[in-house]
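Structure record follows, encoded as structure tokens.
Bear in mind these aren't lab numbers, they're just calculated from the coordinates by the rules spelled out. Quick caveat, the model's predicted, so the values are computed rather than measured. So basically every Cβ, Gly included, is an ideal-geometry build from the backbone, and we count neighbours across all protein chains shown.
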Amino acid sequence: MRIVIVGGGVLGTMHAWHAVRRGHEVVQLEREAEARGASVRNFGLVWVSGRAGGAELATAQRARTLWEQIGAEVPGVGFRANGSLTLIRTEAEWAVAAAAAAAPDAAARGWRLVEAREVQLLNPALRGDFLGALHCARDGAVESRVALPALRAALAPTGRYTWLPGREVRAVAEGSVRDDTGAVHGADHVVLATGAALGGLVRELAAAVPVRRVWLQMAQTAPLGEPLTTSVADADSFRYYPAYDPAPLAAQPQPPVAAEHRMQLLMVQRLDGGLTIGDTHAYAEPFPFDEVEAPYDHLTEVASALLGRALPRIERRWNGVYAQCLDPAAVAFRSAVAPGVWLVTGPGGRGMTCSPAIAEQTAEELSW
């Protein structure tokens, strides 16, 4: 079978991975010289802990298993099973975490409530003022900036994988894809994994789709100078992720800048020692074209308080846009938009986490 994949991000690349592994021939097209969307503008988190129960959690758990397998085969993706700590500084936050740790699926998620002394044993770099944390042993991380080239390099020696960057697809019909160089690529199946690019060809094929776009700001610091042995979140993540009941936080409003920008702190150490920190969320288009400093000031303040030391200097700042499916029962939007052509998009902020399992589900649904 010959499969053409349109889109070079993590979702498209994971579709390529599964197709090649099943013995098929794959051509993957990407309009940029290298993926430059949400797939490389994220934390690299493999985040099981915050997922909603049911299909979302099951997908994340399967993806976590797949990431570990892929990481063992392709060390260049930088997978590590580092776990996470969501730090707790108030009694209200403790109440949310305690309820989560007592939930029926807590063991499956790897959740447990730990006090401050054990937090510092798990992650000695955290020397700030906190009561404890919700520890999740199932969380992990990959290196989002380098994972995709590493995966492609692992696929190339099969002789059944062709990577064609700098090609914008202009037409898709049953059995063929035409790019902007005029080349026509024959296909038994076509997968459109175009991320947040939902206009143009996608609109022609699919009209309106139940997907919205989300804009965010993030940053990366200079090296910390010591290991941050787990990923770290602050308790504002209890407001953001669907696994938690945030009701006890009703009497604990966020600082105005955090509320305005719908913020949480997530912090992951890169293999070079720097820290990726974020993030903000904006849902109303048109999105801003400029970044604002107040959210970075807030992130720096919170991260410094948890570390018990000054956050290293921010060296890089960026914004990004991802696509989020509006159906709460769906982990991503997957639909046939023409004979032999499927659109797969909208995993939202769980794209890096769930993409291996989403692509596996596509492969199984289409009998690859």
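Please state the shape class of region 47-128: rounded when a/c is under 1.5, otherwise prolate if a/b exceeds b/c and oblate if not, all from the C-alpha gyration tensor.
Working: a/c = 2.99, a/b = 1.35, b/c = 2.22.
The shape class here is oblate.
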**Fill in**
Taking the dipole of the chain about the Cα centre (Lys, Arg +1; Asp, Glu -1; charges at Cβ), the one of 79, 222, 257 that reaches farthest to the positive side is 79
**Prompt:** 222 nm [θ] for the chain, helices only, -39500 (n - 2.57) per DSSP H run of 4+, per residue, to 500?
**Reply:** -9000 deg cm²/dmol
**Filtered chymotrypsin sites (Phe, Trp or Tyr not before Pro), region 240-301: DSSP coil and at most 10 other beta carbons within 10 Å** = 289
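Efficiency by 1/(1 + (r/R0)^6): what FRET value for residue 36 and residue 310, r their Cβ-Cβ distance, R0 = 41 Å, to the nearest 0.05?
Rounded to the nearest 0.05, the efficiency is 0.85.
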**Request:** Provide the gained length on full extension for the span residue 21 to residue 336, in nm with one decimal, where the gain is 0.36 nm per separating residue minus the Cα-Cα distance.
**Result:** 111.1 nm
**Prompt:** Calculated from the structure, semi-axes √(5λ) of the Cα gyration tensor in Å equals which of (i) 42, 24, 19; (ii) 36, 20, 20; (iii) 38, 29, 20?
**Reply:** (ii)
**Complete:** Across 32, 56, 226, the residue with the highest GNM fluctuation in the chain (Cα network, 10 Å cutoff) is 226
**Request:** Determine the dipole magnitude for the chain: charges of +1 sit on the beta-carbon of Lys and Arg, -1 on that of Asp and Glu, nothing else is charged, the reference point is the Cα centre, and the result goes in debye to the nearest 20.
**Result:** 580 debye
**For region 304-346 and region 136-178, distance of Cα centres in Å** = 17 Å
**Asked** With axes computed from alpha carbons, what is the tilt in degrees of helix 351-365 against the longest principal axis of the chain, rounded to the nearest 10 within 0 to 90?
**Response** 40 degrees
**Message:** Between 231, 304, 39, where does the largest GNM mean-square fluctuation fall for the chain, given springs only between Cα atoms within less than 10 Å?
**Reply:** 304
**Item:** Filtered trypsin sites (Lys or Arg not before Pro), region 202-287: DSSP coil and at most 11 other beta carbons within 10 Å
**Value:** none
**Prompt:** For the chain, what is the percent of antiparallel DSSP beta bridges, rounded to the nearest 5?
**Reply:** 70 percent
**Message:** As I understand it, the value is the acute angle between the Cα axis of helix 91-101 and the longest principal axis of the Cα atoms of the chain; what does it come to in degrees, rounded to 10?
**Reply:** 50 degrees
**Prompt:** By how many degrees, 0 to 90 and rounded to 10, does the Cα axis of helix 55-73 deviate from the longest principal axis of the chain?
**Reply:** 80 degrees
**Asked** For region 20-64, with only Lys/Arg (+1) and Asp/Glu (-1) charged at the beta-carbon, what is the dipole magnitude about the Cα centre, in debye rounded to 20?
**Response** 200 debye
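Give the residue list of GluC sites (Glu not before Pro) in region 233-294 that are DSSP loop and have at most 15 other beta-carbon atoms within 10 angstrom.
291
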**Asked** Can you give the charge dipole size of region 130-175 about its Cα centre, rounded to the nearest 20 debye, using +1 on the beta carbon of Lys and Arg and -1 on the beta carbon of Asp and Glu?
**Response** 140 debye
**Request:** Multiply the residue gap between residue 252 and residue 117 by 0.36 nm, knock off their C-alpha separation, and tell me the result in nm, one decimal place.
**Result:** 46.1 nm
**Message:** Assuming 0.36 nm per residue, please report the length gained on full extension of the stretch residue 326 to residue 245 beyond their Cα-Cα distance.
**Reply:** 27.1 nm
**Request:** Take the alpha-carbon centre of region 68-127, take the same for region 218-247, and report the distance between them in whole Å.
**Result:** 10 Å
**Message:** Which residue fluctuates most in the GNM of the chain (Cα springs below 10 Å): 199, 320, 83?
**Reply:** 199
